[in-house]
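Q: Sharing a structure, written as structure tokens. Questions coming.
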Amino acid sequence: MSEQAQEQSTAGAAPSRRTVIGWGGAGLALGAAAAGGAVALARDGGGTAPVADTGGAVPFHGPHQAGIATAVQDRLHFAAFDVKTKDRAELVQLLKDWTRAAERMTAGAEVGEGAYGGLPEAPPDDTGEALGLKPSRLTLTIGFGPTLFDGRFGLEGKRPGALVELPKFPGDNLDPARSGGDLCVQACADDPQVAVHAIRNLARIGFGKVAVRWSQLGFGKTSSTTPDAQTPRNLFGFKDGTRNIAGTETERLAKHVWVSGKDAEGSAAWMDGGSYLVARRIRMNVETWDRTPLGEQEDIFGRDKREGAPVGKAKEHDEPFLKAMKPDSHVRLAHPDTNGGATILRRGYSFTDGTDGLGRLDAGLFFLAYQKDVRTGFIPVQTSLGRADALNEYIQHVGSALFAVPPGVRDRDDWWGRALFS
């Protein structure tokens, strides 16, 4: 279990029928649910099931938002929103309403008064498609984009220096309709319907105040924050994220992911305990890749396809000898030693969105990376990759966004973004 999950307290929502069914099926004690409305992540050993097998609830409250160092779930629904209201008080109330709904949904409870049983003349508070489903380790993580600080809500003086405009990297072909956003919500769960239900209900609550700018469904996690888990593979068939920061690596999280101390001074004081998220939609030309010889594929990545071992090594986690790799290999160019120590926490997902109209799959990687500062994290790494990565022949970045992810919600009196709007 990650340190974050150990620190977080349980949410305060009463268990619903969905909660009872989910936790009962997973063999978890209903008494624990009744006491707090959510079940903490189960620990390995001691006769308890690993968290990924429980279908239980990830605690919502804590110093950091869940969904960052949390063990990566199987499915994603990510949405970026444009704020339509010009009323600061209305936006603040929306964030409070979203927080209360997120507390309930991550605990396995229905939103508000539920999906049925209310007045026939009024729409129900919950859309209902998650009734009877397990909580499925749902996490909801919110972020604030650079455009939220444009003067509409009196936040100009609170824009952190790290919330920069990302530069145009070599090879970028960004679609404005799939980029940017005032707000974002990342919903991760082991059941896709639970993740979709969460985004759908937040969008419904925000009707008239916010509108979905773009969204992305993801499957097949491409990175892991669990050190003893098998490293996932991307759509090119290679293991991805071998050296990713684990949720148990407290020191690396503090050094590379969480904003704190001198990083959260002045305009960034409200970010203490937060992080910065880069989201990139990366189109993968799978048909071209599938016709590429195996030896060339392995040279491009700098790892063998079967084991994931770096060039000249036997095992996946053997320390890579970068000089043994081709100068334009992906692993060599992305490695911290090539980029002044730049390190990020990845939790991306694969996607397939039909075809492009020319008989080719619209498929790829929805890249998500958390870090303390993008200026010393994602930007130097992507600059290195954009200039020379041999993989660029087979991929293209078509969507991009950056968000400041505030600290976690501490208790029932707290809400998403409270420190920013105080």
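The values are calculated or read from the model by the stated rules, or taken from the named source; none is laboratory data. Given the structure is predicted, the values throughout are model-derived calculations rather than measurements. Glycine gets a Cβ as well: all are built from the backbone with ideal geometry, and neighbour counts include every protein chain shown. Note: areas computed on protein heavy atoms with side chains; ligands, DNA, RNA excluded. Shrake-Rupley method; radii C 1.70, N 1.55, O 1.52, S 1.80 Å.
Q: How many of the residues making up the stretch 58-108 are outside any loop (DSSP other than H, G, I, E, B), of a type in the set (Gly, Ala, Ser) and closer than 18 Å to residue 367 by Cα?
A: The initial filter retains those residues of the stretch 58-108 that are outside any loop (DSSP other than H, G, I, E, B), namely 75-83, 88-106.
Filter once more, keeping what is of a type in the set (Gly, Ala, Ser): 79-80, 89, 101-102.
Imposing the further condition that a residue be closer than 18 Å to residue 367 by Cα reduces the set to 79-80.
Number of matching residues: 2.
Q: From 328, 337, 373, grab the single residue that is assigned to a loop (DSSP other than H, G, I, E, B), over 28 Å from residue 292 (Cα atoms) and in the same structural domain as residue 256 (by TED's automatic domain parsing).
A: None of the others qualify; the one that does is 373.
Q: Look through the stretch 250-295, keep the residues that are open to solvent by 60 Å² or more (accessible area, probe 1.4 Å), of a type in the set (D, E, K, R) and at pLDDT 95 or above, and return whichever of them is farthest from residue 65 (Cα to Cα).
A: 291
Q: Could you count how many residues in the stretch 191-211 are outside any helix (DSSP H, G or I) and surrounded by fewer than 22 Cβ atoms within 10 Å (Cβ to Cβ)? Can you show your working first?
A: Within the stretch 191-211, the first condition is being outside any helix (DSSP H, G or I), and the residues that meet it are 191, 206-211.
Still in the running and surrounded by fewer than 22 Cβ atoms within 10 Å (Cβ to Cβ): 191, 207-209, 211.
Number of matching residues: 5.
Q: Okay, moving on. Determine which single condition residue 219 fails, assuming it passes every other condition in (1) outside any loop (DSSP other than H, G, I, E, B); (2) within 17 Å of the chain's Cα centre (by Cα); (3) surrounded by 19 or more Cβ atoms within 10 Å (Cβ to Cβ).
A: Just one mismatch for residue 219, condition (3).
Q: Given the condition at pLDDT 95 or above and under 18 Å from the mean Cα position of the chain (by Cα), answer yes or no: does some residue in the stretch 327-343 qualify?
A: The answer is yes, given that some residue of the stretch 327-343 is at pLDDT 95 or above and under 18 Å from the mean Cα position of the chain (by Cα).
Q: While we're on this one: Answer yes or no: is there a residue in the stretch 384-401 that is assigned by TED's automatic domain parsing to the domain that holds residue 289 and touching a Cys at 6+ places or on another chain (Cβ under 9 Å).
A: yes
Q: Within the stretch 109-131, which residues are among the small types (Gly, Ala, Ser) and either open to solvent by less than 10 Å² (accessible area, probe 1.4 Å) or outside any loop (DSSP other than H, G, I, E, B) (or both)?
A: Of everything in the stretch 109-131, those that are among the small types (Gly, Ala, Ser) and either open to solvent by less than 10 Å² (accessible area, probe 1.4 Å) or outside any loop (DSSP other than H, G, I, E, B) (or both) turn out to be 109, 114, 130.
Q: Does the stretch 353-374 contain any residue that is more than 30 Å from residue 61 (Cα to Cα), among the polar types (S, T, N, Q) and buried (at least 16 other Cβ atoms within 10 Å of the Cβ)?
A: No; the residues of the stretch 353-374 include none that is more than 30 Å from residue 61 (Cα to Cα), among the polar types (S, T, N, Q) and buried (at least 16 other Cβ atoms within 10 Å of the Cβ).
Q: Turning to a different aspect of this structure: Quick one: would you say residue 274 is within 30 Å of residue 145 (Cβ to Cβ) and more than 22 Å from the chain's Cα centre (by Cα)?
A: no
Q: Taking the conditions exactly as written (open to solvent by 30 Å² or more (accessible area, probe 1.4 Å), within 30 Å of residue 87 (Cβ to Cβ) and assigned by TED's automatic domain parsing to the domain that holds residue 402), does residue 233 satisfy them or not?
A: Numbers: open to solvent by 30 Å² or more (accessible area, probe 1.4 Å): yes; within 30 Å of residue 87 (Cβ to Cβ): no; assigned by TED's automatic domain parsing to the domain that holds residue 402: yes.
It is false that residue 233 is open to solvent by 30 Å² or more (accessible area, probe 1.4 Å), within 30 Å of residue 87 (Cβ to Cβ) and assigned by TED's automatic domain parsing to the domain that holds residue 402.
Q: Just checking, does the stretch 165-177 include any residue being part of a helix (DSSP H, G or I) and under 23 Å from residue 215 (Cα atoms)?
A: Scanning the stretch 165-177 turns up at least one residue that is part of a helix (DSSP H, G or I) and under 23 Å from residue 215 (Cα atoms).
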